[in-house]
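Engineer: Sharing a structure below in structure tokens format, with a few things to ask.
The values are calculated or read from the model by the stated rules, or taken from the named source; none is laboratory data. Source: prediction; values computed, not measured. Here the Cβ positions follow ideal geometry from the backbone for every residue, glycine too, while neighbour counts run over all protein chains shown.
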Amino acid sequence: MSPLIRHCLHCGMSMSVTALHIDMLPPALLCHKCDQNVYQQHDGSCLTRDIAHNHETTKQALQKLDTILLECWQAYCQSLRLIVGGGVIREHILGQLHYYQQQHRLLSFKEESPNRGAIVVRLRAA
Ligand SMILES: [Zn+2]
């Protein structure tokens, strides 16, 4: 596992961190200099990912969800916009998101529009 660098958005301190795992969410790391939890910091951005329109099976879509959640926690985005379509994948993803919310691996989620099949997931507070 190659070391990763995380920057504190508050004071600019750089720290080496290890790659995250889905069972370790939400990650916590205090800045060595200013004591802020660097994994709760964000730049206000939203990441969009499609997990339903490339012939994914439900299982593959759930695996992609985990990968994308880790990607988001590793990045500095505030939220994630998941394109899930209007079929069975959407139902499974909503169920999994509910479970992850109970585990605090994400903050909240809501369907952007049932017709367009997008879910907005908030990982970090304002
Ligand atoms: Zn800092």
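Engineer: Need a quick list: strands (runs of 3 or more DSSP E) entirely within region 35-126 having at least 2 residues that are surrounded by fewer than 16 Cβ atoms within 10 Å (Cβ to Cβ).
Structural biologist: Here the list reads 46-50, 108-113.
Engineer: Continuing with this model, one more query. Residues to consider are THR18, THR58; find the one that is at pLDDT 95 or above and of a type in the set (Val, Ile, Thr).
Structural biologist: On the way: THR18 fails: at pLDDT 95 or above.
On inspection, the qualifying residue turns out to be THR58.
Engineer: Still on this structure, I have one more. I'd like to check something: does region 39-46 contain any residue that is among the polar types (S, T, N, Q), free of Cβ contacts under 8 Å to residues at least 60 places away in the same chain and within 16 Å of the ligand (Cβ to nearest atom)?
Structural biologist: No, region 39-46 contains no residue that is among the polar types (S, T, N, Q), free of Cβ contacts under 8 Å to residues at least 60 places away in the same chain and within 16 Å of the ligand (Cβ to nearest atom).
Engineer: Hey, can you tell me all the residues within region 16-32 that are surrounded by 13 or more Cβ atoms within 10 Å (Cβ to Cβ), more than 9 Å from the ligand (Cβ to nearest atom) and not in a loop (DSSP other than H, G, I, E, B)?
Structural biologist: Step one: list which residues in region 16-32 are surrounded by 13 or more Cβ atoms within 10 Å (Cβ to Cβ), which gives 17, 20, 22, 24-27, 29-31.
Those still in the list that are more than 9 Å from the ligand (Cβ to nearest atom) too: 17, 20, 22, 24-27, 29.
Scanning region 16-32 gives VAL17, ILE22, MET24.
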